[in-house]
1. Evaluate the following for residue 100: is it modelled with pLDDT under 95, among the acidic types (Asp, Glu), part of a helix (DSSP H, G or I) and farther than 19 Å from residue 32 by Cβ?
2. Sort out which residues of the range 69-91 are out of contact with any strand residue (DSSP E or B) (no Cβ under 8 Å at 6 or more places or on another chain) and either among the acidic types (Asp, Glu) or within 14 Å of residue 59 (Cβ to Cβ) (or both), and write them in order of number.
3. Pull up the range 26-64, narrow it to residues that are among the small types (Gly, Ala, Ser) and over 11 Å from residue 96 (Cα atoms), then point me to the one that is surrounded by the most Cβ atoms within 10 Å (Cβ to Cβ).
4. Using beta carbons and a limit of 7 Å, which pairs, at least six apart or on different chains, have the first residue in the range 98-110 and farther than 16 Å from residue 77 by Cα and the second one part of a helix (DSSP H, G or I)?
5. For residue 12, which of the numbered conditions (1) among the aromatic types (Phe, Trp, Tyr); (2) crowded, with 17+ Cβ neighbours inside 10 Å; (3) at pLDDT below 95 fails to hold?
Amino acid sequence: MRNLSTDLKQLFGITGRFYNFDLMTDKEKLRLDKYLWSIRLFKTRRLATDACNDNRVKYQEEPAKPGKNVHLGDIYDVRTEGRKWRIKVTGLLHTRLKYEEAIKYYTDLTPPEELENRKPRRLPSIAVSA
């Protein structure tokens, strides 16, 4: 029995453990904390889990648990240290990829006024001696 993964590997001539063409379907399971980590909203999976447990991730205006299954088309409101996000899931990603690839798996729906209200980070002051 052939599958799409095998066909893609043969078509592109790519093999090896770093290339995973096992495409996700909407029925396959992916935890919310792992998804948020893999699309690079959080630096570690533990930070993504803590954000879910601290009610900083919401799905349909309700707090989302870290073990919630992610589905294509889901929309999440996420508060990180730097900003608030509103994202729509466009693809399921199990592994952490570089930023340029990871952004293809969600759409940023954050309203422009939210981006304007973002607080700038304070830089530590450095004492200068004369």
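The values are calculated or read from the model by the stated rules, or taken from the named source; none is laboratory data. All values reported here derive from a predicted model rather than from experimental measurement. Heads up, the Cβs are rebuilt from the backbone with ideal geometry, glycines too, and the neighbour counts pull from every protein chain shown.
1. Values: modelled with pLDDT under 95: no; among the acidic types (Asp, Glu): yes; part of a helix (DSSP H, G or I): yes; farther than 19 Å from residue 32 by Cβ: yes.
Taking the combined requirement at face value, the residue does not satisfy it.
2. Filtering the range 69-91 for residues out of contact with any strand residue (DSSP E or B) (no Cβ under 8 Å at 6 or more places or on another chain) gives 80-83.
Passing the criteria: only 81.
3. Restricting attention to the range 26-64, the residues satisfying the condition of being among the small types (Gly, Ala, Ser) are 38, 48, 51, 64.
If we keep only those that are over 11 Å from residue 96 (Cα atoms) too, we end up with 48, 51, 64.
Values: 48: 26, 51: 22, 64: 22.
Within the range 26-64, the match that is surrounded by the most Cβ atoms within 10 Å (Cβ to Cβ) is 48.
4. 102/38
5. In the conditions (1) among the aromatic types (Phe, Trp, Tyr); (2) crowded, with 17+ Cβ neighbours inside 10 Å; (3) at pLDDT below 95, residue 12 misses (2) alone.
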